Amino acid sequence: MRGSPLVLVVASVGCATPTSPSFLAETALVVDTSDGTKVKGFDFQLEFATSEMRMPNRLVYRGTELLSPADGGGNEVTEHGIGLALYPAYAIVAPEFFGTTAASVGNSNPTSTLTTELAGPAVVRQRVDWSLDFACEGTQHAMGTSYFTTFPSGEIHHRVDATYAVNGLRTVTPGTCGRGSSGHLNAVSYWVFTAPQSANRTADDTRLPVDGDPRACASWDATHTVGVDLGTELTRFHANDTNSFIASYPGEDGGDMVSGQPHKATTRIQLSAQPQCAAATARFDRPTLTIGGKPIGPDADGIYRDDTPHAAAISITARDGKMPGGFAVSLDLGGVDHVKVTRDGPTEATDHDWYLAQPDGDRVIVYLRDELPGDQTITIEPLD
């Protein structure tokens, strides 16, 4: 029945368990470390390598393997799977995509660690810290961190914080460092998928990037589509005739120089069971929220964080139009173990399975499954 208020629902933050078992069964994220590290959602699974560069090595959605396999190129730096690179000197990617070595051309001392920073059920965040030495006009050093943030909706963010050459690098010899004749260096972050049954390199303009738009998608069939947001207009799609989505960050001086400063960038994907590209990319349109009277946008990992401490109930509204469903807020509620989450406006009075809560240190993360119309208010109240 429309127009009736929702029954009050209380979530226990300490054990991260909302009152509804059906929502947990269908939506909650689980980190499984019994055999490697796997992030398991209702209809998808993201797996991480167990050795060398511990980047993702599998992404399975509704039974379909989505990541491209290695192409037999050995140590050649060619984009596969999910990773980043200083092209074509080295790549940071799971070893499954490069045969005997994950960091590729001329590398030595590659190391990485995988840490679970948020373990669900509302949001999972994995942190991969990496470093390596590589041969390029002498011995160079690179280091960085990749953060993979996963939401129950199938939205996955890859945030890169990398120093591609710690001491800086100005190249003067074309053909060294594994490069071609140009001698240019290019930092990239990429997602490369298996070839879809219906390739999005066709004239179907609903699946192609348009006029510098950093968004595009790949569609395998009517129930397997991936929307991609590269977050920058400096992009390459379907490079080397593969189903690839690559965000490019050219070096200084026309690509002849890489500074020793950290470079930060975020790309993201959205898994969708609908064939339309618009359905797969609609969740990327995240407007500003009003949280406790203050406008707040999403952080690089997609979470809306309010740093103001709250000892009483706090209201949340969509500031500019409608908020797509599947978003998360992180609040400082004084370290409480329980919260009460309610909403007003036009909604189903019998639907209680619409949110998940989990601890985030002394904070609380609440994941909201449904869209937030402009005429609706969500209230989150800390409970002792």
Restricting the stretch 159-172 to residues that are out of contact with any Leu (no Cβ under 8 Å at 6 or more places or on another chain) and under 30 Å from Lys38 (Cβ atoms), which is surrounded by the most Cβ atoms within 10 Å (Cβ to Cβ)? Arg159
Candidate set from the stretch 290-304 (those that are in a strand (DSSP E or B) and free of Cβ contacts under 8 Å to residues at least 40 places away in the same chain); member that is nearest to the chain's Cα centre (by Cα): Pro298
Any idea which of (1) modelled with pLDDT under 80; (2) more than 17 Å from Asn186 (Cα to Cα) is the one Ser131 doesn't satisfy? (1)
Restricting attention to the stretch 306-343, report how many residues are in a loop (DSSP other than H, G, I, E, B) and acidic (Asp, Glu). 2
Out of all the residues in the stretch 145-169, which are over 24 Å from Gly361 (Cβ atoms) and modelled with pLDDT of 95 or more? Gly154
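Hey, any hits in the stretch 25-41 for a residue that's at pLDDT below 85 and surrounded by fewer than 18 Cβ atoms within 10 Å (Cβ to Cβ)?
We begin by selecting, within the stretch 25-41, every residue at pLDDT below 85; these are 25-27.
Applying the additional criterion that residues be surrounded by fewer than 18 Cβ atoms within 10 Å (Cβ to Cβ) yields 25-26.
Yes, because at least one residue in the stretch 25-41 is at pLDDT below 85 and surrounded by fewer than 18 Cβ atoms within 10 Å (Cβ to Cβ).
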So the check is Cβ under 6 Å with 6+ separation or different chains; which pairs have a first residue in the stretch 361-384 that's assigned to a strand (DSSP E or B) and a second one that's polar (S, T, N, Q)? Arg363/Ser330; Ile365/Ser330; Ile365/Gln358; Thr379/Ser315; Thr379/Thr342
Some residue of the stretch 64-72 being aliphatic (A, V, I, L, M), in contact with an Asp or Glu (Cβ under 7 Å, 6 or more places away or on another chain) and at pLDDT below 95: yes
Among (1) at pLDDT below 65; (2) crowded, with 22+ Cβ neighbours inside 10 Å; (3) not assigned by TED's automatic domain parsing to the domain that holds Met143, where does Gly14 come up short? (2)
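The values are calculated or read from the model by the stated rules, or taken from the named source; none is laboratory data. Predicted model, so just to flag it, every value in this text is computed and none were measured. Using ideal geometry, Cβ is built from the backbone for each residue, glycine included, and neighbour counts are taken over all protein chains shown.
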